[in-house]
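The values are calculated or read from the model by the stated rules, or taken from the named source; none is laboratory data. The structure presented is a predicted model; accordingly, all values stated were derived computationally and were not measured. Don't worry about glycine lacking a Cβ; one is built from the backbone with ideal geometry, like all the others, and counts go over all protein chains shown.
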Amino acid sequence: MRTRFDEQLDLLHKELITMGALCEDAIARSVKALDGRDLALAKSVPEISARIDRKERDIEGLCLKLLLQQQPVATDLRTISSALKMVTDMERIGDNSGDIAEIIVTTNLTGVDEAADVHDMAQAVIQMVTNSIDAFVKRDTALARQVMADDDMVDGYFDRIKNALICRLRSPEADVEYALDLLMVVKYLERIGDHAVNVARWVLFSITGSRERE
C-alpha cells in the first residue's frame, strides 16, 4: 500500500514540475513577444495558459485520489494539501502571462525604452517560479525562503519602471496610452512574483507545518 502511495506522490511531484515548466514557458513567451513585438508568439500564450488550466485539474484530481484512497498521515497530508493550494497560484501565473500577451496583441507597445528593466524583472520572476517548484520537490526550506527574499528585488524593478513612467508622463508630448499599457505589463509581472511567494510559503508549510508570512 505504501509503495503505491509513494508512486503516486512521485507522480504528483512530476506533474507539479510539468505545470511549473508550463508557467515558465508562458512568462518567457510573453516577455519575448514584448521584446520583439512578436504577435504570433504572443498569440501562442493562451494555449499554454489553457494547458496550465488542464494540468491544474489533473493535479487536483490526483490529490483528491490520494486523500480519499490512501488515508495519508500528517506529513503526507500537508504535502497534498499544499499541492492543492500551490496549483491555484500556478494557474493564476498562467492567467497573468496571458494578460501580458493580450496587451501585446491589442496595443502598440513598440520601442520600449524601459526594455532592459522589464527584461531583467521578467527573468527574476521566472527564476522565482522555478525555485518555488524546485523547493517543493526537493523539500528545500532555504530555497523557499530565497524565493520570498527575491520578491524584494522584483518589487524594486516594479518601482523603478513605475517611476520612470511617471517621469515620462510629465512631458507634454507623453504617450499616456503607452505608459499605462507598460505599467499593466509590469504589474502583472509583479503579481506573478507574488504568486511564486505564495507557492514558497506553502512549501514551507508542507515541510514545517507552519506557513511563514512577511
Working only within the stretch 132-179, note down all residues that are part of a loop (DSSP other than H, G, I, E, B) and farther than 21 Å from Leu204 by Cα. Arg170, Ser171, Pro172, Glu173, Ala174, Asp175
Do you know which residues across the stretch 38-64 are in contact (Cβ under 8 Å) with a residue 24 or more places away in the chain, within 19 Å of Ile17 (Cα to Cα) and of a type in the set (Lys, Arg)? Arg51, Lys55
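From Arg51, Arg57, Arg92, which residue is touching a His at 6+ places or on another chain (Cβ under 7 Å), of a type in the set (Lys, Arg) and closer than 21 Å to Glu24 by Cβ? Give the steps one after another, and end with the answer.
Details: Arg51 fails: touching a His at 6+ places or on another chain (Cβ under 7 Å); Arg57 fails: touching a His at 6+ places or on another chain (Cβ under 7 Å).
Step by step, each of Arg51, Arg57, Arg92 is checked, and only Arg92 is touching a His at 6+ places or on another chain (Cβ under 7 Å), of a type in the set (Lys, Arg) and closer than 21 Å to Glu24 by Cβ.
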Which members of the stretch 107-131 meet the condition of being touching a helix residue (DSSP H, G or I) at 6+ places or on another chain (Cβ under 6 Å) and more than 23 Å from Ala200 (Cβ to Cβ)? Thr107, Leu109, Glu114, Asp117
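For the stretch 5-37, which residues satisfy the criterion of being among the charged types (D, E, K, R) and in contact (Cβ under 8 Å) with a residue 40 or more places away in the chain?
Initial filter on the stretch 5-37 (among the charged types (D, E, K, R)): 6-7, 10, 14-15, 24-25, 29, 32, 35, 37.
Once the filter is applied, which keeps residues that are among the charged types (D, E, K, R) and in contact (Cβ under 8 Å) with a residue 40 or more places away in the chain, the stretch 5-37 yields Glu15, Glu24, Arg29, Asp35, Arg37.
Would you check which residues across the stretch 126-174 are of a type in the set (Lys, Arg), surrounded by 16 or more Cβ atoms within 10 Å (Cβ to Cβ) and closer than 15 Å to Leu189 by Cβ and list them?
Filtering the stretch 126-174 for residues of a type in the set (Lys, Arg) gives 138-139, 145, 160, 162, 168, 170.
Filter once more, so that each one left must be surrounded by 16 or more Cβ atoms within 10 Å (Cβ to Cβ): 145, 162, 168.
Correct list: Lys162 only.
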Of the residues in the stretch 36-58, those that are surrounded by 14 or more Cβ atoms within 10 Å (Cβ to Cβ), at pLDDT below 90 and either under 13 Å from the mean Cα position of the chain (by Cα) or not basic (Lys, Arg) (or both) come to Asp38
